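Asks: After the structure tokens below, expect a handful of questions from me.
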Amino acid sequence: MSKIHNTRIVGKVLLEFDHLESTNAYARALLQQSPLEEGTVVLARDQSKGRGQLGTTWESEPGKNLTLSIVLNPHFLAISDQFRLNKIVALSVREAIMEYIPDEVKIKWPNDILINEKKVAGILIQNILKGSTVHTVIAGIGLNVNQQDFGPSLLTATSLSQLLGNTLDLDEVLQTLLERLDRYYELLELYPTRIDDVYHEHLYLRGIESMFFTPDSSRFIGTIRTVDAQGRLEVIVKNELKYFTLKEIKFA
Ligand code: BT5
């Protein structure tokens, strides 16, 4: 892929590699040397050390899927609202998938994209903060496009081609994804609260009584209400509203 079309910012610079350890780590290393043009995309056809959240790994068969990171400078975004950036990335991935798949696509807090309870994409956002605003964001996306087999350790993974029964053009999916993100990024600056409403609508298990775990493995029943701009999951537990960060709650 040589060029991304129809975007203002996202993908104006596209750095493609056959092999990297991690696109997020590579983008961060580049940023330590010199600033990057906003919207720069780092894409690898193969990642040997793809990262997830809290030290997990992202496994992706070489050449089959999209693994990329986008560098953004949302200086307009207050630190207290920083999770809205996660929200727009999840919504962009969701809408890009919907171009190809008729099934319902849900966003599982904080950053998983699910179709029929299976994970089709994961997102890893790393923020660099300065003063009271977000200085730079490295938004990493792993989207399973053409991988057919995920092996026994990833039974809950799926891909677009598994669901569709045919393979897709990776460049075309990339173009679609970056166009969506470009549009949502504009929305984030102009109408930030609208983002909350759309994210809320597509949130997995929202309004459904469900079982959760605390880190010490005790169980409780609660109902997800929404996710606030800081990224805390709001859950109604025994008629009381509680706020959870990523380390404080697990889905059953
Ligand atoms: C994520 O973390 O889902 C974030 C994944 C972000 C990957 C992208 S790829 C480009 C960029 N560069 C990077 O180095 N990373 C980003 P988390 O919610 O912690 O989920 C990780 C878990 O998802 C793993 O522990 C596995 O259980 C599962 N997993 C790993 N690979 C998967 C895949 N291809 N499809 C579905 N699930 C997967």
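Asks: Report the relative contact order of the chain, percent, no decimals, based on alpha-carbon pairs under 8 angstrom and at least 6 residues apart.
Replies: Taking the mean separation of contacting Cα pairs over the length of the chain, I get 18 percent.
Asks: Sort the stretch 96-230 into rounded, prolate or oblate with this rule: let a ≥ b ≥ c be the square roots of the eigenvalues of the Cα gyration tensor; rounded if a/c is under 1.5, and if a/c is not under 1.5, prolate when a/b is larger than b/c, oblate otherwise.
Replies: oblate
Asks: Suppose every Lys and Arg Cβ carries +1 and every Asp and Glu Cβ carries -1, with no other charges. What dipole size does the stretch 209-251 come out with about its Cα centre, to the nearest 20 debye?
Replies: That gives a dipole near 60 debye.
Asks: Here is a further query. Taking all protein chains together and a probe of 1.4 Å, list HIS200, HIS75 from the most accessible to the least accessible.
Replies: Sorted descending by solvent-accessible area, the residues read HIS75, HIS200.
Asks: Also, I was wondering about something else. Quick one: of LYS3/LYS119; LYS49/LYS130; LYS118/LYS250, which pairs are farther than 26 Å apart, Cα to Cα?
Replies: Checking Cα-Cα distances, LYS3/LYS119; LYS49/LYS130 exceed 26 Å.
Asks: Check the straight Cα-Cα distances from LYS238 and name the aspartates and glutamates below 14 Å, setting aside those fewer than 8 residues away within the same chain.
Replies: GLU209
Asks: Express as a percent, rounded to the nearest 5, the fraction of DSSP beta bridges in the stretch 1-122 (both residues included) that run antiparallel.
Replies: 65
Asks: Specify whether the C-alpha gyration tensor of the stretch 1-121 places it in the rounded, prolate or oblate class, a ≥ b ≥ c being the square roots of the eigenvalues: rounded for a/c under 1.5, otherwise prolate if a/b is larger than b/c and oblate if not.
Replies: Verdict is rounded for the stretch 1-121.
Asks: Right, next: Run the Debye formula on the Cα coordinates of the stretch 88-159, all scatterers equal and no solvent, and tell me log10 I(q)/I(0) at q = 0.13, 0.14, 0.17, 0.26 1/Å.
Replies: -0.43, -0.49, -0.66, -1.20
Asks: About the Cα centre, and with charges only on the beta carbon of Lys, Arg (+1) and Asp, Glu (-1), how big is the dipole of the stretch 102-174? Nearest 20 debye, please.
Replies: For this selection, approximately 420 debye.
Asks: When the convex hull of the Cα atoms of the chain is projected onto a plane and the area is averaged over all directions, what value comes out in nm²?
Replies: If I average the Cα hull's projected area over directions, I get 13.7 nm².
Asks: Give me the extension gain from LYS250 to THR193: residue separation times 0.36 nm, minus the current Cα-Cα distance, reported in nm with one decimal.
Replies: Contour length minus Cα-Cα distance gives 17.8 nm.
Asks: Extending each Cα 7 Å along its Cβ direction at ILE79 and ASP171, get the distance between those two points in nm, one decimal.
Replies: 4.3
Asks: For the stretch 209-251, what is the accessible area per residue in Å², given a 1.4 Å probe and the full set of protein chains?
Replies: Value for the stretch 209-251: 63 Å² per residue.
Asks: Keeping every protein chain in place, order PHE150, PHE212 by accessible area at 1.4 Å, biggest value first, i.e. largest first.
Replies: PHE150, PHE212
Asks: Under a GNM of the chain (C-alpha, springs under 10 Å), which listed residue has the highest mean-square fluctuation: ILE88, ILE79, ILE141?
Replies: ILE79
Asks: Counting only protein heavy atoms and a 1.4 Å probe, tell me what percentage of the chain's accessible area is made up of carbon and sulfur.
Replies: Carbon with sulfur: 48 percent of the solvent-accessible area.
Asks: For the chain, set up a GNM with springs between Cα atoms under 10 Å and report which of ARG225, ARG51, ARG94 has the largest fluctuation.
Replies: Result for the chain, Cα springs under 10 Å: ARG225 fluctuates most.
Asks: Let me ask you something else. Among THR214, THR193, THR226, whose mean-square fluctuation peaks in a Gaussian network model of the chain (Cα, cutoff 10 Å)?
Replies: The residue that fluctuates most here is THR214.
Asks: Let me ask something else. Given Cβ point charges of +1 (Lys, Arg) and -1 (Asp, Glu) and nothing else, what value in debye, to the nearest 20, does the dipole of the chain about its Cα centre take?
Replies: That gives the chain a dipole magnitude of about 660 debye.
Asks: Calculate for the chain the 222 nm mean residue ellipticity that helices alone would give, adding -39,500 (n - 2.57) per DSSP H run of length 4 or more and normalising by residue count, nearest 500 deg cm²/dmol.
Replies: The helix contribution divided over the chain gives -8000 deg cm²/dmol.
The values are calculated or read from the model by the stated rules, or taken from the named source; none is laboratory data. Since this is a predicted model, take the numbers as computed values, not measurements. Note that we place each Cβ from the backbone using ideal geometry, even for glycine, and neighbour counts take in every protein chain shown. SASA here: full protein model, heavy atoms, side chains in, ligands and nucleic acids out. Shrake-Rupley method; radii C 1.70, N 1.55, O 1.52, S 1.80 Å.
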